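Here is the structure we will look at, set down as structure tokens.
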Amino acid sequence: MDAANSVEQSARRIHTRCCIVGGGPAGMMLGYLLGRAGIETLVLEKHADFFRDFRGDTVHPSTLQIMDELGLIDDFLKLPHQQLQKMEGKFGETTLRIADLGRLHVKYPFVAFMPQWDFLNFLREKAKRFPSLKVMMQAEAADLIWSGDSVVGVAAVTSAGRLEIRAELTIGCDGRHSTVRQCARLEVEEIGAPMDVLWFRAGRQANENERLFARIQAGKMLVTFDRGDYWQCAYVIPKGQNDAVKARGLEAFRDDVIGMAPILASGISDLKSWDDVKLLTVAINRLKRWTRAGVLCIGDAAHAMSPVGGVGVNLAIQDAVAAANLLAAKLAKDCPTEDELDAVRRRREFPVRMTQAMQVVVQNNIISLAIKGGDQPLRVPMLVRLVSAIPWLQRIAARFIAVGVRPEHVRSPAQG
């Protein structure tokens, strides 16, 4: 029986060993792993389904390896997806190779583009065989429940009314605007980003093929992903300039896009109004501490990533795997101590800091120069010229995108 149905028939207070707030990549992967370990776990997802457009949908080799270790990879790769190995950028009139994942010594040397809702639905369906895991949709965390200085559960609003969930451990996987981290009074360190991103779709014809990943002209930057029957596009703008872009009008925006990527001309008519353009406010930040007694934050709730490299989803999944590895056996007996919970931060903080540092380098040395504008012709940034010219730097770039820093492997127990 689905958890939401069982709650409607029971009291307004329930108990579970672990309550995970947020059914995104970190929450669903951690829920799957804890359910697999036989630990009573409840995942709260505030929406009625997982369907949200323009969420991170790049599944990198590090995540594909995790799916392989869980025995899920064959079924997973049967889902509709596109594969990307080579990444090339056009700087003015110069096309340069940025990374080639095909040269890496990994089992799955490609990025799989898959709608995030398909990924999350896949995990949910596969997890139904674990009786200890329940996923409650339309259940939004409103506050934490405290006993002294310890968190002992979550106050939630559900489709059936308010619900109190008592739990030995609460884990915040509820994204960069996390209710859990706010209610736990966890301090955020802002690192900053010089840009925002406008996401939109343009139709794609079957005969339209192009390997270009990024296009940069003086004052402009556009990233495109081939998604089969459409192009997913990211138009990069200076931070806070969304209103200025809109003030020029939709037709001027379309003209800028086609000027950078003529291949989009036939599908740009899909862009009918500004409602078809979604603003992603880019942020890079991280928590100074990820825990208090009885509560832990991971994924975007612990560290918001820039879209540079498309690594945010994969960092969140790596956090989930590390948390299960470190906590599952302890959680099977009781709530881990705060020091035991902090082991997750100690394990994952270095990869997060290194990844964010690399994102800042790209932002400061490539993106900010590209979108600054001006009348001078675009010069290819020195960092890009070096990466394009030196094969071992291309391998570093490819490994950063594909595998990341200190990838995790599944070590958590599996019941039965």
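In segment 211-228, of all residues being within 25 Å of the chain's Cα centre (by Cα) and in a loop (DSSP other than H, G, I, E, B), the one that is modelled with the lowest pLDDT corresponds to 211. Of the residues making up segment 308-331, those that are over 14 Å from residue 31 (Cα atoms) and either free of Cβ contacts under 8 Å to residues at least 24 places away in the same chain or over 23 Å from the mean Cα position of the chain (by Cα) (or both) number 3. The listed residues are 127, 112, 142, 160, and the only one of them that is out of contact with any His (no Cβ under 7 Å at 6 or more places or on another chain), surrounded by 18 or more Cβ atoms within 10 Å (Cβ to Cβ) and either in the same structural domain as residue 35 (by TED's automatic domain parsing) or at pLDDT 95 or above (or both) turns out to be 127. Taken as a whole, segment 188-200 holds at least one residue that is out of contact with any Leu (no Cβ under 8 Å at 6 or more places or on another chain) and part of a strand (DSSP E or B). Taking each residue of segment 247-263 that is in the same structural domain as residue 93 (by TED's automatic domain parsing) and looking for partners that are loosely packed, with under 14 Cβ neighbours inside 10 Å and of a type in the set (Phe, Trp, Tyr) with beta-carbon atoms closer than 9 Å, six or more apart or interchain, yields nothing.
What residue, of 318, 376, 394, is in a helix (DSSP H, G or I) and at pLDDT below 95?
On the way: 318 fails: at pLDDT below 95; 376 fails: in a helix (DSSP H, G or I).
Of 318, 376, 394, the one residue that is in a helix (DSSP H, G or I) and at pLDDT below 95 is 394.
Taking segment 124-146 as the search range and keeping residues that are part of a strand (DSSP E or B) and free of Cβ contacts under 8 Å to residues at least 24 places away in the same chain, which one is farthest from the chain's Cα centre (by Cα)? The selected residue is 146.
Filtered by the rule that a residue be surrounded by fewer than 23 Cβ atoms within 10 Å (Cβ to Cβ) and of a type in the set (Gly, Ala, Ser), segment 268-303 gives 269, 273, 283, 293. Only one of the numbered conditions (1) part of a strand (DSSP E or B); (2) without any contact (Cβ under 8 Å) to a residue 60 or more places away in the chain is violated by residue 108, and that is (1).
The values are calculated or read from the model by the stated rules, or taken from the named source; none is laboratory data. Note that the structure is predicted; figures quoted are calculated from it, not measured. All Cβ positions, glycine included, derive from the backbone under ideal geometry; neighbour counts span all protein chains shown.
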